[in-house]
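Trainee: For reference, the structure I am asking about is given below.
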Amino acid sequence: MAGIGDTVFAMTEWIRTTPMVDFALWLSTKEICEWVQSHSFMVPILQMIHIFAIAMGFGSVVLFNLRLVGRGGTDTTVTQSAHRYLPWMKWSLLVLFISGVGMVLGDPVRLLVNPVFWIKIVLFVVAMIVSIVHLKTVSRKTKTSPTWDATTSGSIAIRSSAYGLIILWLLIMAGGRFMAYAPM
Ligand code: HEM
């Protein structure tokens, strides 16, 4: 663990040599940041919304991908499962992004110089790219093969990205929680 702590601390030291510090200080003087900071109920409300969106998003990611690997919801076709869970997934990502930006505006200096925040954002971008490729592949397969749509589980490639997406969300959540404990 000491090794990870040292690495994260070294990353903080590096971020401090970049223009990110000046940007965070500049941002913290902006009216929107001062407004969020001067209304003490705002950050807890944003955190609450963030946590609700995590539950909604992660719940739909798990249930949809368990269908793809044949470990849940196999009484429905992949298309039916997609219609049921994808809207929740999409809306939760939007709410996570907006509430996340809101929390950053509440404390830009602490968060934008925090390496765990940036590790989380990189994982978030990777999860978005994997999700888009994954869903495009699934949608193409359901359109070209009705039997596949009704099958119990997908190919190795689809099962790997299904499990991979669940693990990516778990890592993003761990990052979200550890942000407050990063050695700064
Ligand atoms: C899949 C998407 C995401 C997941 C699963 C996620 C998960 C989490 C979790 C579990 C926490 C800790 C909540 C707590 O214990 O209070 C958190 C906090 C936070 N997240 Fe996210 N998050 C996501 C996306 C984002 C995005 C896109 C941003 C920024 C644009 C963001 C910014 C933050 C911030 C600023 C905090 C508060 C950290 C602190 O104050 O220490 N999150 N997130």
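Trainee: Would you mind putting 19-26, 127-134, 166-173, 110-117 in packing order, based on average other-beta-carbon counts within 10 Å, highest first?
Mentor: 110-117, 166-173, 127-134, 19-26
Trainee: Tell me the Rg and the Dmax, in Å, that the Cα atoms of the stretch 1-52 produce.
Mentor: When restricted to the Cα atoms of the stretch 1-52, Rg and Dmax are 15.5, 40 Å.
Trainee: If you rank S28, S60 by how much accessible surface each has, with a 1.4 Å probe, what is the order from largest down?
Mentor: S28, S60
Trainee: Please give the per residue volume of the convex hull enclosing the alpha carbon atoms of the stretch 74-184, rounded to a whole number of Å³. Show your work: numbers first, answer last.
Mentor: Values: hull volume 11.1 nm³, N = 111.
Taking only Cα atoms, the stretch 74-184 has a hull volume of 100 Å³ per residue.
Trainee: Be a star and scan the stretch 47-75 for residues whose amide nitrogen sits under 13 Å from the point 7 Å along the Cα-to-Cβ vector of A180.
Mentor: Backbone N within reach: 47-48, 51.
Trainee: Okay, helix-only estimate at 222 nm for the chain: each DSSP H run of n ≥ 4 adds -39500 (n - 2.57), divide by all residues, round to 500 deg cm²/dmol; what do you get? If you can, show how the numbers build up before the last one.
Mentor: Numbers: 9 runs with 150 residues, N = 184.
Rounded to the nearest 500, it is -27000 deg cm²/dmol.
Trainee: Then there is this: I'd like to check one number: the per residue accessible area of the chain, probe 1.4 Å, reported in Å² as a whole number.
Mentor: Numbers: 10730 Å² over 184 residues.
Each residue of the chain exposes 58 Å² on average to a 1.4 Å probe.
Trainee: Roughly speaking, to the nearest percent, how much of the stretch 4-181's 1.4 Å accessible area is carbon and sulfur?
Mentor: About 73 percent, which is the carbon plus sulfur part of the accessible surface.
Trainee: OK, next. On each of the three principal axes of the Cα atoms of the stretch 28-140, give max minus min coordinate, whole Å, ordered largest first.
Mentor: 53, 25, 20
The values are calculated or read from the model by the stated rules, or taken from the named source; none is laboratory data. Not measured: the values here are computed from a predicted model. When we count neighbours, we look across all protein chains shown, and the Cβ atoms used for this are built from the backbone with ideal geometry, even at glycine. Surface accessibility is based on the protein's heavy atoms, side chains included, excluding ligands, DNA and RNA. Shrake-Rupley method; radii C 1.70, N 1.55, O 1.52, S 1.80 Å.
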